[in-house]
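J.: Below: one structure in structure tokens.
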Amino acid sequence: MARQAEEFELIVQEFFQLEQVDIIGFSLGARIALAIIARNPMLLRNAHLTGISAERDDMAKNIFASWADMLSSDGSSSLKSFARSILMSSFTKQFIERNDEERVSMWVDQICENNQQNGLLRLLEQTKDVDPIDFVDQVKASQTRIQLAVGDEDVLASPKQVERLNKELGLETSVLQYEGCGHAVMNENPRQWRKDVLAFLNGA
């Protein structure tokens, strides 16, 4: 994640010439945001991070291992299998059942059309040995305001591991938990999630 954090810093400071920004991060984006804070403690003023855990628990590790296996295989069917698996892992059973098979297949096609198999595999490999818990000491030394959020049925970033990260960071705010949501909270409960994000960024 160091490479992604470095590139973000370059974009903000060199291209936009900004000294400080707010960030809303989800999943890998949230993990990168924490790496950014650790690298440059003055760059991020506020960070609202959803679906980020201290470490991956056994269930999440098995899911990520299965994704690596799928992406390591040859053929377009491997990318489709990965796309379908990531949807099944990111959403709750109830959310999937509210959307018909045609819509889910459309989402699978969108993932395949907008991603390269080798690129996704490299991304998994680049980030597999780094966990947010590794950045705790550097992040605690920063002035960044942080809010963590998670779906209470998240299997990729378990609520228990998110609570652990919140405690290790010494955050004054409680973790926002969204009932009946999986990893992709912003898709399953978008109205409340957006309301909470804006309230945090506005300092409420």
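The values are calculated or read from the model by the stated rules, or taken from the named source; none is laboratory data. Everything quoted here is computed from the prediction, not taken from an experiment. Here the Cβ is made from the backbone with ideal geometry for all residues, glycine too, and neighbour counts use every protein chain on show.
J.: Scanning for something in contact (Cβ under 8 Å) with a residue 24 or more places away in the chain, in contact with a Cys (Cβ under 8 Å, 6 or more places away or on another chain) and assigned by TED's automatic domain parsing to the domain that holds A35, does the stretch 154-175 turn up at least one residue?
T.: So far as the stretch 154-175 goes, yes, one or more of its residues are in contact (Cβ under 8 Å) with a residue 24 or more places away in the chain, in contact with a Cys (Cβ under 8 Å, 6 or more places away or on another chain) and assigned by TED's automatic domain parsing to the domain that holds A35.
J.: Out of (1) in contact with a Ser or Thr (Cβ under 6 Å, 6 or more places away or on another chain); (2) farther than 18 Å from L123 by Cβ; (3) free of Cβ contacts under 8 Å to residues at least 24 places away in the same chain; (4) not hydroxyl-bearing (S, T, Y), the odd one out for M70 is which?
T.: (2)
J.: Among the residues of the stretch 2-22, are any surrounded by 19 or more Cβ atoms within 10 Å (Cβ to Cβ), under 29 Å from Q147 (Cα atoms) and modelled with pLDDT of 95 or more?
T.: no
J.: Follow-up. Among the residues of the stretch 59-115, what is the count of those that are outside any helix (DSSP H, G or I), modelled with pLDDT under 95 and surrounded by fewer than 11 Cβ atoms within 10 Å (Cβ to Cβ)?
T.: Selection size over the stretch 59-115: 3.
J.: So, in the stretch 191-204, exactly how many residues are under 16 Å from the mean Cα position of the chain (by Cα) and more than 20 Å from N46 (Cβ to Cβ)?
T.: Within the stretch 191-204, residues that are under 16 Å from the mean Cα position of the chain (by Cα) and more than 20 Å from N46 (Cβ to Cβ) number 0.
J.: Any chance you could count how many residues in the stretch 116-128 are among the basic types (K, R) and not in a loop (DSSP other than H, G, I, E, B)?
T.: The qualifying residues number 1.
J.: Could you check N40 against (1) touching a residue at least 60 places away in the same chain (Cβ under 8 Å); (2) out of contact with any Lys or Arg (no Cβ under 9 Å at 6 or more places or on another chain); (3) assigned by TED's automatic domain parsing to the domain that holds E6 and say which number it fails?
T.: (1)
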